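**Q** Got a structure for you, written out below as structure tokens; questions coming shortly.
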Amino acid sequence: MGDRLLAGVCWLAAGIVAGGFAWLLGDIVMNGLGQINLMYLLMPVADAGRAGGIGPVIVSTSLILVVCLSVSLPLGLATAIVLSEADDERWFGRLVRRSLDVLAGVPSIVFGLFGYAVFGLALGLGFSILSGGLTLACMVLPILIRSIEQGLRAVPIDIRHAAAALGMQRWRTLVAVLLPAAAPGVLVGVVLGIGRAAAETAALLFTSGYVARMPDSLLDSGRSLSVHIFDLALNVAGGEPRAYAAALVLIVALAVVNLTAISLSERLLSSRINPA
Amino acid sequence: MPASASRLDPDRLLTGGLRLCAAFSAALLILVVIFLLLQAGPVLDAIGPWRLFADDGWFPADTAAAGQFSIVALLAGSGAVAFGATVLAAPLAIASAVFCRFVAPPRIGQLFRRMLEVLAGVPSVVFGFWGLVVLVPLINRWQPPGASVLAGALVLGLMILPTIALLADSALRSVPRATLSAAAALGLSRWRTALQVALPAARGGVVTGIILGVARAIGETMAVLMVCGNVVQVPASVFEPVRTLTANIALEMAYAYGDHRSALFLTGLVLTLLVIALVLVAELGRGANARRTAHG
């Protein structure tokens with residue numbers, strides 16, 4: 001009796017959740033699919049987005065992601081190496097970890113304000129792809145560090161001991177032994193970071209801006225795909241159909257990215273358990 | 001001699017460089033707060049913190065003397081939407097987690113979890129867009145104008161549900177198998193095991209998930225900006241439009257100057273402190289839970 005009730009309630013809840021998910025996804029696929037073709041992906045934006053394609057938008061989005069990763073990846077890797085070797089009882093490791101946990105919770109719009117004040121005003125980068133990418137780099141840093149650290153910690157301690165016993169220097173151990181062994185974890189972190197950065201809108205509104213032209217350099221303003229969706233949905237009368245198309249492109253790209261990260265991390269997890 | 005040799009030692013250079021990077025990552029949070037404070041400084045000097053709550057409303061102007069800077073209505077908007085979202089999402093999320101662990105056949109549970117993970121990665125602007133073109137017109141037909149606390153709570157609820165459900169699921173997974181076997185050996189039925197043994201044991205993780213969900217709901221911008229109507233008012237019912245702290249920043253930064261812009265940075269600071277407090281409470285809960293399971 002109780003078993004049946006619990007099962008009923010849980011199936012109902014799962015059904016509601018799956019229903020909402022299907023509704024959202026179905027709506028966007030049905031309304032977006034018909035408009036997507038090669039021309040749409042390549043052509044410049046025309047008539048405020050009501051016509052033409054999203055070519056420059058895809059280029060800007062990619063450039064923002066490249067800037068974001070080329071700054072956050074070295075910084076995140078270095079921090080993760082320190083954290084993975086830090087003793088949790090020591091104040092330094094604990095401080096860095098706690099600070100990153102809190103940073104992960106800071107709202108994206110606040111990162112937008114921060115990026116505007118620091119990169120846009122103080123460093124004089126204005127509304128540019130560089131500003132936007134650097135802002136996103138700050139934002140994805142915690143998630144990047146967390147997964148890289150997990151990857152590094154998954155390297156068995158025996159390997160470190162073996163390297164030390166061979167008399168390898170620390171930096172040789174790191175470059176030749178630890179990083180290759182931790183590569184899958186680093187990859188998961190990068191993919192998760194890309195997913196987070198590509199989904200972001202609020203932090204880009206006043207850092208990389210709205211300009212939908214093809215950017216000439218990293219100092220040009222460039223509109224990301226997410227900002228394009230927002231602009232079409234809210235600011236352009238009659239922009240709705242094209243907003244559907246752009247939303248579908250973004251969702252498909254993110255689903256690929258996220259599913260890659262999930263399957264990579266599961267493989268990582270099982271390879272960690274098996275040798276034991 | 002030994003000093004110069006150690007200065008060129010690549011190991012030392014490496015350790016120093018890595019430490020420096022880690023210190024910078026840790027300092028980022030402080031940098032964020034400092035820059036917000038710097039930008040908020042002028043208006044904070046001019047009006048002090050109390051007028052944020054005592055003024056007659058949110059009528060910002062380029063000079064502090066000419067403007068009214070009460071954030072009460074904005075706080076009420078953020079609070080109402082986040083509260084509604086949590087009330088809607090938390091029970092569904094917990095039931096979903098129990099579904100994954102105790103009710104569903106393994107394959108379906110696995111599939112469901114995968115779905116939650118994909119849902120967690122859907123961008124907020126897409127949730128907002130869907131809410132704008134699907135939910136708002138539906139609510140409008142029932143209770144105009146449609147763009148409302150209810151629309152915001154529904155969209156945000158769907159957004160934070162995966163966060164809560166996945167954290168609750170991993171908390172349930174980390175309940176020791178011995179505990180569950182003991183429950184089974186005592187002859188407890190499946191639903192009593194789930195509700196009276198597993199969930200209480202996983203309580204810390206579930207609560208952490210809910211708090212992080214609330215933090216995400218308060219910090220979310222795009223979805224609420226698109227579906228809540230953006231009228232600055234303390235809502236009298238769930239069908240009235242509101243403007244949240246986050247949406248207000250996104251809307252007004254485009255044209256704000258002088259003390260108005262400074263005031264927006266001040267609201268950003270308020271938002272950050274609010275979320276930091278929530279995250280720290282969640283961390284505290286997680287720490288306490290880890291200690292309990294370690295000792296138990």
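**Q** What pairs can you find where one residue is in segment B:182-199 and more than 11 Å from every other protein chain (Cβ to nearest Cβ), the other is surrounded by 13 or more Cβ atoms within 10 Å (Cβ to Cβ) and not in a helix (DSSP H, G or I), and their Cβ atoms are less than 7 Å apart, with a gap of 6+ or different chains?
**A** Listed pairs, sorted by first residue: B:197/B:188; B:198/B:175.
**Q** Regarding residue B:92, is this residue in contact with a Phe, Trp or Tyr (Cβ under 6 Å, 6 or more places away or on another chain), surrounded by 15 or more Cβ atoms within 10 Å (Cβ to Cβ), of a type in the set (A, V, I, L, M) and not in a loop (DSSP other than H, G, I, E, B)?
**A** Details: in contact with a Phe, Trp or Tyr (Cβ under 6 Å, 6 or more places away or on another chain): no; surrounded by 15 or more Cβ atoms within 10 Å (Cβ to Cβ): yes; of a type in the set (A, V, I, L, M): yes; not in a loop (DSSP other than H, G, I, E, B): yes.
Judged against the criteria, residue B:92 is not a match.
**Q** Suppose we filter B:93, B:40, B:104, B:85 for residues that are closer than 30 Å to residue B:176 by Cβ and in contact with a Leu (Cβ under 6 Å, 6 or more places away or on another chain); which single one remains? First the steps, then the outcome.
**A** Working: B:40 fails: closer than 30 Å to residue B:176 by Cβ; B:104 fails: in contact with a Leu (Cβ under 6 Å, 6 or more places away or on another chain); B:85 fails: closer than 30 Å to residue B:176 by Cβ.
Among B:93, B:40, B:104, B:85, only B:93 is closer than 30 Å to residue B:176 by Cβ and in contact with a Leu (Cβ under 6 Å, 6 or more places away or on another chain).
To keep it simple, each residue is scored yes or no on (1) on the phi > 0 side of the Ramachandran plot; (2) surrounded by fewer than 19 Cβ atoms within 10 Å (Cβ to Cβ); (3) within 13 Å of chain B (Cβ to nearest Cβ).
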{"residue": "A:181", "(1), (2), (3)": "no, yes, no"}
{"residue": "A:185", "(1), (2), (3)": "no, no, no"}
{"residue": "A:198", "(1), (2), (3)": "no, no, yes"}
{"residue": "A:208", "(1), (2), (3)": "no, no, no"}
{"residue": "A:215", "(1), (2), (3)": "no, no, no"}
{"residue": "A:240", "(1), (2), (3)": "no, yes, yes"}
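**Q** Among the candidates B:218, B:210, which residue alone is in a helix (DSSP H, G or I), β-branched (Val, Ile, Thr), closer than 25 Å to residue A:15 by Cα and in contact (Cβ under 8 Å) with a residue 40 or more places away in the chain? First the steps, then the outcome.
**A** Values: B:218 fails: closer than 25 Å to residue A:15 by Cα.
Testing whether each residue is in a helix (DSSP H, G or I), β-branched (Val, Ile, Thr), closer than 25 Å to residue A:15 by Cα and in contact (Cβ under 8 Å) with a residue 40 or more places away in the chain leaves just B:210.
**Q** Mind listing just one residue for me: the one in segment B:250-281 that is closer than 17 Å to residue B:232 by Cα, facing chain A (nearest Cβ under 10 Å) and of a type outside the set (A, V, I, L, M, F, W, C) and, of those, surrounded by the most Cβ atoms within 10 Å (Cβ to Cβ)?
**A** It comes out as B:268.
**Q** In segment A:180-218, how many are part of a loop (DSSP other than H, G, I, E, B) and within 21 Å of residue B:118 (Cβ to Cβ)? Show your work before the answer.
**A** So the first thing to find is which residues in segment A:180-218 are part of a loop (DSSP other than H, G, I, E, B), and the list is A:200-201, A:205-218.
Now narrow it down to the ones that are within 21 Å of residue B:118 (Cβ to Cβ): A:200-201.
Qualifying residue count for the region: 2.
**Q** Given the criteria part of a helix (DSSP H, G or I), within 11 Å of chain B (Cβ to nearest Cβ) and either farther than 22 Å from residue A:174 by Cα or free of Cβ contacts under 8 Å to residues at least 12 places away in the same chain (or both), does residue A:74 qualify?
**A** Yes.
**Q** Provide a single number: the residues in segment B:135-157 that are out of contact with any Leu (no Cβ under 7 Å at 6 or more places or on another chain) and crowded, with 16+ Cβ neighbours inside 10 Å.
**A** Taking segment B:135-157 as the starting set, the residues that turn out to be out of contact with any Leu (no Cβ under 7 Å at 6 or more places or on another chain) are B:136-138, B:140-150, B:152, B:156.
With the extra rule that they be crowded, with 16+ Cβ neighbours inside 10 Å, the set shrinks to B:136, B:146-150, B:152, B:156.
The number of residues fulfilling the criteria is 8.
**Q** For residue B:238, work out the one condition from (1) away from chain A (no Cβ under 11 Å); (2) buried (at least 20 other Cβ atoms within 10 Å of the Cβ); (3) farther than 29 Å from residue B:39 by Cβ it doesn't fulfil.
**A** That leaves (2) as the condition not met.
**Q** Taking only pairs six or more apart or across chains, which ones have beta-carbon atoms under 7 Å, a first residue in segment B:86-112 that is within 15 Å of residue B:164 (Cα to Cα) and more than 7 Å from chain A (Cβ to nearest Cβ), and a second residue that is acidic (Asp, Glu) and part of a helix (DSSP H, G or I)?
**A** From residues that are within 15 Å of residue B:164 (Cα to Cα) and more than 7 Å from chain A (Cβ to nearest Cβ), the pairs are B:97/B:169; B:100/B:169; B:101/B:169.
**Q** Quick one: would you say residue B:53 is in a helix (DSSP H, G or I), of a type outside the set (S, T, N, Q), free of Cβ contacts under 8 Å to residues at least 24 places away in the same chain and away from chain A (no Cβ under 14 Å)?
**A** Judged against the criteria, residue B:53 is a match.
**Q** Can you confirm whether segment A:44-66 contains a residue that is surrounded by 14 or more Cβ atoms within 10 Å (Cβ to Cβ), within 14 Å of another protein chain (Cβ to nearest Cβ) and touching a strand residue (DSSP E or B) at 6+ places or on another chain (Cβ under 9 Å)?
**A** The answer is yes; a qualifying residue exists.
**Q** I would also like to ask the following. So which of A:126, A:115, A:120 ends up being more than 7 Å from chain B (Cβ to nearest Cβ), within 26 Å of residue A:219 (Cβ to Cβ), in a loop (DSSP other than H, G, I, E, B) and not β-branched (Val, Ile, Thr)? Write out each step before concluding.
**A** Numbers: A:115 fails: in a loop (DSSP other than H, G, I, E, B); A:120 fails: in a loop (DSSP other than H, G, I, E, B).
The conditions single out A:126.
**Q** Give the residue, chosen from A:53, A:49, A:32, that is in contact with a helix residue (DSSP H, G or I) (Cβ under 6 Å, 6 or more places away or on another chain) and on the phi > 0 side of the Ramachandran plot.
**A** On the way: A:53 fails: on the phi > 0 side of the Ramachandran plot; A:32 fails: on the phi > 0 side of the Ramachandran plot.
So the residue among A:53, A:49, A:32 that is in contact with a helix residue (DSSP H, G or I) (Cβ under 6 Å, 6 or more places away or on another chain) and on the phi > 0 side of the Ramachandran plot is A:49.
**Q** Please identify the pairs in which a residue from segment A:170-187 that is more than 17 Å from residue A:149 (Cβ to Cβ) has its Cβ atom under 8 Å from the Cβ atom of a residue that is of a type in the set (Asp, Glu) and in a helix (DSSP H, G or I), counting only partners at least 6 apart or on another chain.
**A** A:170/B:11; A:171/B:11
**Q** Restricting to segment A:140-159, what's the tally of residues that are under 26 Å from residue B:9 (Cα atoms) and buried (at least 18 other Cβ atoms within 10 Å of the Cβ)?
**A** 3
**Q** Now for a different question. Looking at (1) polar (S, T, N, Q); (2) under 25 Å from residue A:156 (Cα atoms); (3) facing another protein chain (nearest Cβ under 8 Å), find the lone condition where residue A:84 falls short.
**A** Status for residue A:84: all satisfied but (3).
**Q** Here are some residues: A:13, A:18. Which one is within 13 Å of another protein chain (Cβ to nearest Cβ), part of a helix (DSSP H, G or I) and crowded, with 18+ Cβ neighbours inside 10 Å? Even if it seems obvious, please write down each step before you answer.
**A** Values: A:18 fails: crowded, with 18+ Cβ neighbours inside 10 Å.
The conditions single out A:13.
**Q** Would a scan of segment A:252-269 turn up a residue that is farther than 26 Å from residue A:33 by Cα, away from chain B (no Cβ under 11 Å) and hydroxyl-bearing (Ser, Thr, Tyr)?
**A** Within segment A:252-269, not a single residue is farther than 26 Å from residue A:33 by Cα, away from chain B (no Cβ under 11 Å) and hydroxyl-bearing (Ser, Thr, Tyr).
**Q** Step by step: first the residues of segment B:160-179, then only those that are among the hydrophobic types (A, V, I, L, M, F, W, C) and surrounded by fewer than 24 Cβ atoms within 10 Å (Cβ to Cβ), then the one that is farthest from the other protein chains (Cβ to nearest Cβ). Which residue is that? So that I can check it myself, show each step before the final result.
**A** Looking only at segment B:160-179, we keep the residues that are among the hydrophobic types (A, V, I, L, M, F, W, C), and these are B:160-161, B:164-168, B:171-172, B:175, B:178.
Next, only the ones that are surrounded by fewer than 24 Cβ atoms within 10 Å (Cβ to Cβ) stay: B:166, B:172, B:175, B:178.
Numbers: B:166: 11, B:172: 12, B:175: 17, B:178: 19 Å.
Here the answer is B:178.
FYI, it's all coordinate maths here, none of it is from the lab. None of these values were measured; they are calculated from a predicted model. Neighbour counts are summed over all protein chains in view; Cβ atoms, including those assigned to glycine, are modelled from backbone coordinates with ideal geometry.
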